[in-house]
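The values are calculated or read from the model by the stated rules, or taken from the named source; none is laboratory data. No experiment lies behind these values; they were computed from the predicted model shown. No Cβ is skipped: glycine too gets one built from the backbone with ideal geometry, and neighbour counts run over all protein chains shown.
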Amino acid sequence: MLRAPEGMVLIRHAATIDEGHELVADLCIVGAGAAGITLALQFAGTGLRVLLLEGGEAEKLPAAQSLYAGTVDTPDLHSPPDRYRERRFGGTTTVWSGRCLPYDPIDFDRRPWIADSGWPISYEDVARHYPAAMELCEAGEFVFSGAAVKPGGMRPLIRSFTSRHFDTDPVERFSCPTNFGARYRHRLEASRNVDVILGANVTELLTEGDGARVKSLVVRGLDGRRFTVAAQQVVLATGGLEIPRLLLASRDRHAAGLGNQSGLVGRFYMCHIAGTIGDLRLDVDAGDVNAGYEQADDGTYCRRRLALTPEAQAEHGLANALMRLHFPAIPDPSHGSGPLSALYLAKPFVGHEHGKRLQNRGGEGMWLRHALNVARDPLATSAFLWRWLRYRTLAARKFPSVIVPTRDNRFSLDFHGEQVPNRDSRVTLGGETDAFGMPRLAIAWRHSPTDIRTAEVALDLFAGDLRRWGRGRLTYDRDAVAHHMLRDGAYGGHHIGTTRMSANPTGGVVDPQGRVHGVANLHIAGASVFPTSSQANPTLTVVAMALGLAETLKRTFAARPHLDTAGLGQRDAA
Ligand SMILES: Cc1cc2nc3c(=O)[nH]c(=O)nc-3n(C[C@H](O)[C@H](O)[C@H](O)COP(=O)(O)OP(=O)(O)OC[C@H]3O[C@@H](n4cnc5c(N)ncnc54)[C@H](O)[C@@H]3O)c2cc1C
């Protein structure tokens, strides 16, 4: 066991490591995003020597970000891979929106109507880590019932509405949103046994013997320097696209890539299916609809949603899905709302990730009509901008998203659905290489008929429930559902399934403990291990499973003697 010597700088840059040296550690974690930082924190103060290698730096650097570039065979359906993820300390949590919700018990089940569904671990295995994951995400208590998030409960989504097919009680909760790098940097520094190296890009894993154990990791700095790391245990936490890339590029003993004996590394690539659709009119008082946010006692923002029940999923052969009440589509100026039009006009200043959904869908004349909406609605527009500045831009806990009061109780529906496993949806290595000579990613994202049918049938079921209730009406173009769900393509920053978990090596890439099948000391943390994608955004579950992996690794360390890590942990590779 190695203790950091007095005065050692525990967040340093790759440029401080000598060319050709080999660093030695008990545990090496690659990637300092939500998963990697969560893991590293669990080992802070343990006395184990931990190396956290981060390719990016504290700020976003174009040269580092460009390492993420790659190709997409359907650019209209999937964004370039250097968008929707951040190569920097804190990873993509530097830009995430903070929506936190757990996976549902049904997500873990083998569902006969969904091929390749079923996890080799149970909901309870993950759920026991959710409370601590909520704390790390700063999303409040692990309570997701609208009736229970605060004394007296939240107001109902739609008063007196009862649905056969949707549960209206669940809420989603919101992180600050917490930038894991900024928030936990000092805790890592204070730990004195976690050595964070920025600008340290892992380009290959080298194995020993018959390839059943990682011998060392090849690390490159943007200045061209190369050094290696030898660690007793290695965890890849580089995100759902970069983890398969690293495995596929590690070919010293396995021509098809490390952990790829079943040809599954990079397959089953899932995001989410999402879109805004329909015209919902509710014949109730405006105060009887609760489409916005309420704060729980602990200050976290909570929002109600319509969750497709497990029974409805089973009865109709659907994937998991949810819907939220949304304001009318922002790009369509017929909503007449000054605040919404102001948002539309601000789109040149909005980042790609959020601006994508504001794309012009009606020609250049739209600008004028939006400008007129703003001019006709100056009071509402300035009140909205003031609230945005106060509660979003300046607040430590940010108001999660735009909420604009609608006219006449008119809404659209924001659909967010599971993408079912599809082995033809995959990432591979392309022909181009990056600055280190590492093959770039080639993405072939595919969706399945069930993905679209789920949206179609969910809308039908909700429309039917409204008809039976008698005080609401949903109209939508059934033939255009696929168009609306695919208009913005694969849902942004959720990169899931590319190293799926399975009980045996023929069905996946990692075992139920997150260890790569057939490689004794290599583990994966992140959404790439999820066999299915749920309706839920992935990060809370990424963090919960990283906590589970930390427990497993601690048991492994407790059972085995440490490497001899005498000295500073730096030795000549020669
Ligand atoms: C705009 C946007 C909004 C989002 N909103 C939400 C939301 O509301 N809710 C939600 O649950 N999720 C959301 N997400 C997704 C969320 O950000 C990710 O799920 C989460 O960041 C994944 O964590 P991770 O640690 O697996 O990967 P990342 O956060 O991407 O971290 C990976 C880290 O690895 C580093 N790295 C990569 N390659 C290498 C290498 N070869 N060597 C060394 N280091 C490397 C990267 O620099 C990075 O720091 C959003 C994403 C985007 C883009």
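Within segment 372-429, the set of residues being touching a His at 6+ places or on another chain (Cβ under 8 Å) and acidic (Asp, Glu) comprises ASP414, GLU418. Scanning segment 483-535 for residues that are over 16 Å from VAL234 (Cα atoms), within 15 Å of the ligand (Cβ to nearest atom), at pLDDT 95 or above and of a type in the set (A, V, I, L, M, F, W, C) returns ILE496, MET501, ALA527, PHE530. Within segment 170-195, residues that are under 21 Å from ASN537 (Cα atoms) and aromatic (Phe, Trp, Tyr) have Cβ atoms under 7 Å from residues that are within 14 Å of the ligand (Cβ to nearest atom) and assigned to a strand (DSSP E or B) in these pairs: PHE174/ARG99; PHE174/CYS100; PHE174/TYR301, counting only partners at least 6 apart in sequence or on another chain. Among the residues of segment 76-120, just one is without any contact (Cβ under 8 Å) to a residue 12 or more places away in the chain and more than 25 Å from ALA319 (Cα to Cα), namely PRO80. The residues listed here are THR276, THR238; of these, the one that is polar (S, T, N, Q), within 21 Å of the chain's Cα centre (by Cα) and outside any strand (DSSP E or B) is THR238. Specify the residue that is farthest from the ligand (Cβ to nearest atom); the eligible residues are those in segment 241-264 that are in contact with a helix residue (DSSP H, G or I) (Cβ under 7 Å, 6 or more places away or on another chain) and in a helix (DSSP H, G or I). Result: PRO244. Is it fair to say ASP18 is away from the ligand (no atom under 15 Å from the Cβ), within 30 Å of GLN535 (Cα to Cα) and charged (D, E, K, R)? Spelling it out, it is not the case that ASP18 is away from the ligand (no atom under 15 Å from the Cβ), within 30 Å of GLN535 (Cα to Cα) and charged (D, E, K, R).
Just to be sure before I move on: is PHE89 near the ligand (Cβ under 9 Å from one of its atoms) and either within 15 Å of the chain's Cα centre (by Cα) or farther than 16 Å from ASN537 by Cα (or both) in the structure I sent? If you could, list the steps in order and put the result at the bottom.
Details: near the ligand (Cβ under 9 Å from one of its atoms): yes; either within 15 Å of the chain's Cα centre (by Cα) or farther than 16 Å from ASN537 by Cα (or both): yes.
So PHE89 passes the test.
For segment 316-324, the criterion of being among the charged types (D, E, K, R), modelled with pLDDT of 85 or more and over 30 Å from HIS165 (Cα atoms) is met by no residue. Selection of strands (runs of 3 or more DSSP E) fully inside segment 1-114 by the criterion of at least 3 residues being of a type in the set (A, V, I, L, M, F, W, C) and surrounded by 23 or more Cβ atoms within 10 Å (Cβ to Cβ) returns 21-30, 50-54.
One line per residue, one yes/no per condition, for (1) polar (S, T, N, Q); (2) not assigned by TED's automatic domain parsing to the domain that holds CYS28:
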position: LEU53; (1), (2): no, no
position: GLY56; (1), (2): no, no
position: SER97; (1), (2): yes, no
position: ARG110; (1), (2): no, no
position: ALA139; (1), (2): no, yes
